[in-house]
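Enquirer: After the structure tokens below, expect a handful of questions from me.
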Amino acid sequence: MNKTVVGIVGGVVVIAAGFALYSSANHSGNSGAKSSSSATTKVSGKVLALGSTALQPLAEQVATSFQEKNPGATITVQGGGSGAGLSQVSSGSAQIGNSDVFAEEKSGVDASKLQDHKVAVVGIAPVVNSEVQVSSLAKDQLRDIFTGKVTNWKEVGGKDEKIVVINRATGSGTRAVFEKNVLNGQAAIKTTEQDSNGTVQKIVSTTPGAISYLAFAYLDASGIKALNIDKVTPDKKNVEDNSWPIWAYEHMYTKGSATGTTKAFLDYFLTKDVQKTLVPKLGYIGLTDMKVTRDAAGKVTNN
């Protein structure tokens, strides 16, 4: 091969190499832009989340915030109770089933087909009409009231006044959590039942001698007051280390793995902005603030 041919071949190689480097650099630049663009792409679509009324105030606020960041998304949050949430997500009627209890705890629900997404912790406290002259009860006194053994406030240190028990409806996750931690397997007295925290809050506030229980998010209302149990105050700090035992995870179940807008909404729920701002602001406890873990069987272990 003569020098002229060698020179031509060498020039072609140099040009080709330069073009390859340029193409590679340009492709990398575009990939980076796509990745960045993809990370900030707003999602769109409709999601129905229903069930637990204990979780409802938080879910509604997070949905509003999420929609502000994603105008094309529509997140509808409804109550109905944990039982309804689990059954509706199981049937495919809702994308998310909100529940205060593990799916494994609900009869008639195939938990193996559902994916659990824990988003917060809720504390639950006994509440009375603000005129009731009792501020603290022993756990066994509280149990005796809800099982019908104690029927007058004077029996537990209050004035001579009939105790009016307001219970939650069958299927309520809040009721399941309360009974599991207070009644120790005993049957609750048959009495007036209501299907939401909000309704219970209103009835207790306007009914002399009334007692019930509410999620912490509903305690800040006129006409009601929360009771201490065994001199322990129902507050965030005591829930975090299980000193206050009446608490539950707030679950958002999906049928199988979450995808699309549903996944984006659930991921947003776990962001620092939500967990450290909206969650405590509305009276819930962030998952990372908990010093203990509780499983579906009720076993508590230190983190």
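Enquirer: May I ask you to list the residues in segment 191-247 that are of a type in the set (A, V, I, L, M) and under 21 Å from residue 285 (Cα atoms)?
Expert: 214, 215, 217, 219, 221, 226, 227, 229, 232, 239, 246
Enquirer: Oh, and also: Quick check: anything in segment 88-98 part of a strand (DSSP E or B) and open to solvent by 40 Å² or more (accessible area, probe 1.4 Å)?
Expert: no
Enquirer: Within the set of pairs 6+ apart or on separate chains, which have a first residue in segment 84-95 that is on the phi > 0 side of the Ramachandran plot, a second that is open to solvent by 60 Å² or more (accessible area, probe 1.4 Å), and C-beta atoms under 9 Å apart?
Expert: Hits for this filter: 92/255.
Enquirer: Which residues, taken from segment 145-170, are assigned to a helix (DSSP H, G or I) and either touching a strand residue (DSSP E or B) at 6+ places or on another chain (Cβ under 9 Å) or under 21 Å from residue 283 (Cβ atoms) (or both)?
Expert: 145, 146, 153, 156
Enquirer: Could you list, in sequence order, the residues of segment 203-217 that are outside any loop (DSSP other than H, G, I, E, B) and open to solvent by less than 30 Å² (accessible area, probe 1.4 Å)?
Expert: 204, 210, 211, 212, 213, 214, 215, 216, listed by residue number.
Enquirer: Report yes if some residue within segment 109-117 is at pLDDT below 95, out of contact with any His (no Cβ under 6 Å at 6 or more places or on another chain) and open to solvent by 50 Å² or more (accessible area, probe 1.4 Å); otherwise report no.
Expert: no
Enquirer: Same structure again: For residues that are farther than 23 Å from residue 115 by Cβ and part of a helix (DSSP H, G or I), tally how many sit in segment 279-294.
Expert: Number of matching residues: 3.
Enquirer: Just one of (1) closer than 23 Å to residue 298 by Cβ; (2) buried (at least 20 other Cβ atoms within 10 Å of the Cβ); (3) β-branched (Val, Ile, Thr); (4) modelled with pLDDT of 95 or more trips up residue 233, so point out which.
Expert: The single condition residue 233 does not satisfy is (2).
Enquirer: Which residues, taken from segment 34-56, are in a helix (DSSP H, G or I) and at pLDDT 95 or above?
Expert: Once the filter is applied, which keeps residues that are in a helix (DSSP H, G or I) and at pLDDT 95 or above, segment 34-56 yields only 56.
Enquirer: Just checking, which of 226, 248, 221, 296 is of a type in the set (A, V, I, L, M, F, W, C), within 25 Å of residue 88 (Cα to Cα) and either open to solvent by 20 Å² or more (accessible area, probe 1.4 Å) or modelled with pLDDT under 95 (or both)?
Expert: 296
Enquirer: Quick one: which residue in 191, 254 is surrounded by fewer than 18 Cβ atoms within 10 Å (Cβ to Cβ) and of a type in the set (Val, Ile, Thr)?
Expert: Among 191, 254, only 191 is surrounded by fewer than 18 Cβ atoms within 10 Å (Cβ to Cβ) and of a type in the set (Val, Ile, Thr).
Enquirer: Can you tell me how many residues in segment 218-237 are in a loop (DSSP other than H, G, I, E, B) and among the polar types (S, T, N, Q)?
Expert: Counting residues in segment 218-237 that are in a loop (DSSP other than H, G, I, E, B) and among the polar types (S, T, N, Q) gives 2.
Enquirer: For segment 171-202, name all the residues that are assigned to a helix (DSSP H, G or I) and either more than 26 Å from the chain's Cα centre (by Cα) or among the hydrophobic types (A, V, I, L, M, F, W, C) (or both).
Expert: 176, 177, 178, 182, 200
Enquirer: Within segment 51-82, track down each residue that is small (Gly, Ala, Ser), surrounded by fewer than 24 Cβ atoms within 10 Å (Cβ to Cβ) and over 16 Å from residue 267 (Cβ atoms).
Expert: Residues satisfying the conditions are 72, 79, 80.
The values are calculated or read from the model by the stated rules, or taken from the named source; none is laboratory data. Just so it is clear, the structure is predicted and the values come from calculations on it, not from any experiment. Cβ sites come from the backbone with ideal geometry, for glycine too, and all protein chains shown count toward neighbours. Quick note on the areas: whole protein, heavy atoms, side chains included, nothing else; ligands and nucleic acids left out. Shrake-Rupley method; radii C 1.70, N 1.55, O 1.52, S 1.80 Å.
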